[in-house]
1. Hey, can you grab everything whose amide H is under 5 Å from the amide H of Val238? Only 5+ residues off in sequence or another chain; H modelled, so Pro and N-termini drop out.
2. What size of dipole, in debye to the nearest 20, comes out for the range 181-236 about its Cα centre when the only charges are +1 on Lys and Arg C-beta atoms and -1 on Asp and Glu C-beta atoms?
3. Compute the Rg to Rh ratio over the chain from the alpha carbon atoms, using the Kirkwood formula for Rh, and round to two decimal places.
4. With every protein chain left in place, what is the accessible area per residue of the chain in square angstrom, probe 1.4 Å?
5. What number, in percent, do you get for the relative contact order of the chain if the mean sequence gap of Cα pairs under 8 Å and at least 6 apart is divided by its residue count?
6. If you count, for each residue, the other Cβ atoms within 10 Å and average over each peptide, how do 183-196, 119-132, 254-267 line up from highest to lowest?
7. Considering only C-alpha atoms, what is the centroid distance from the range 41-101 to the range 191-246, in Å?
8. Can you give the log10 of the normalised intensity I(q)/I(0) at q = 0.21 Å⁻¹, computed with Debye over equal Cα scatterers of the range 51-110?
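The values are calculated or read from the model by the stated rules, or taken from the named source; none is laboratory data. What you are looking at is a predicted structure, and each value in this text was computed from that prediction instead of being measured. Every residue, glycine as well, gets a Cβ built from its backbone with ideal geometry; the counts of neighbours run over all protein chains shown. Keep in mind that these areas ignore ligands, DNA and RNA; they rest on the heavy atoms of the full protein, side chains included. Shrake-Rupley method; radii C 1.70, N 1.55, O 1.52, S 1.80 Å.
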Amino acid sequence: MHTLTLHRLDLASDAAAADCLTRAEPREALLAATDLAATRGDGVFETVAIVDGVPQALEAHLDRFERSAAMLDLPAPRRELWRLAVTEAAAELRAHTDRAAVKFVMSRGDEAGEPVPTGWALGFAPDSRPGGVTPEVDVVLLDRGYRHDVAQTSPWLLQGAKTLSYAVNMAALREARRRGAQDVVFTSIDGYVLEGPNSTVIARIDGAYVTPPTDLGLLPGTTQADAFTALEGWGEPVATRRITVDELRGADALWLCSSTRGVAPVRSLDGVEVAVDAAVSSRLNAALDAREA
Ligand code: PLP
């Protein structure tokens, strides 16, 4: 990751959005050691891809940010302020690179200070798509340890919120590397396909493009949603429904979708080769890159 821009947001003020945004140096220290982002991972975030200075699916990311904040009982984000932070960063990033990302974060604030959330937006050049190409991935299935209905039985586990507590997701990616793969698809203990540590799954099963429903405690993927819009526009059948592990193993093709990577074709699952549909993958990534906002 190469950091390029940084803005801090004043979330205590109700002044005009432009007056609540301050440009900082990209490597400047911005957090107190007592900020709950650092001490508890207590906060929410989003990462938006920026292509040629245009934030991709920004409104969908802002929707999800609001949803995550509500799930954590955080104050509702001032949407116009966060939108401005991303668009200002995106305009600056255009001078640096045609392919960037902005990560925007709201923590619960400083546990030694006023109960006011901390906010910032960091612009960076991601290394997830070298040369603009989305790499094919080897994937392992890992048990997440929850049942498919965890979001209903145990909402305090925050499954489906994009929180700052990603240590488990990072541990899963290290486990994948120990097994000779680069990525993971989590499964429920009762045999359903969930999501990746930072991606949404699309499987092509009997010719239809299928993704699991978010009521399994999954993050609603902005990339998957836009990929489905493109597929529907081409007349392809799409469906949102539960997928069993057996169905996944028998799929015609698989993809992992995320903002900075786009649609990454899976080339093996638990060491078993999966057919890569390079034509659909590159057509989908081109459609995603052409989004207006
Ligand atoms: N699921 C999880 C757990 C994620 O962390 C992410 C993104 O990082 C996604 C899915 C994909 O979401 P999006 O396509 O909006 O980036």
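1. Amide H neighbours of Val238: Tyr209.
2. Approximately 80 debye in magnitude.
3. Rg/Rh: 0.96.
4. Ligands and nucleic acids excluded, the figure is 45 Å² per residue.
5. 19 percent
6. Peptide ranking by packing, descending: 254-267, 183-196, 119-132.
7. 23 Å
8. With one equal scatterer per Cα and no solvent, log10 I(q)/I(0) is -0.81.
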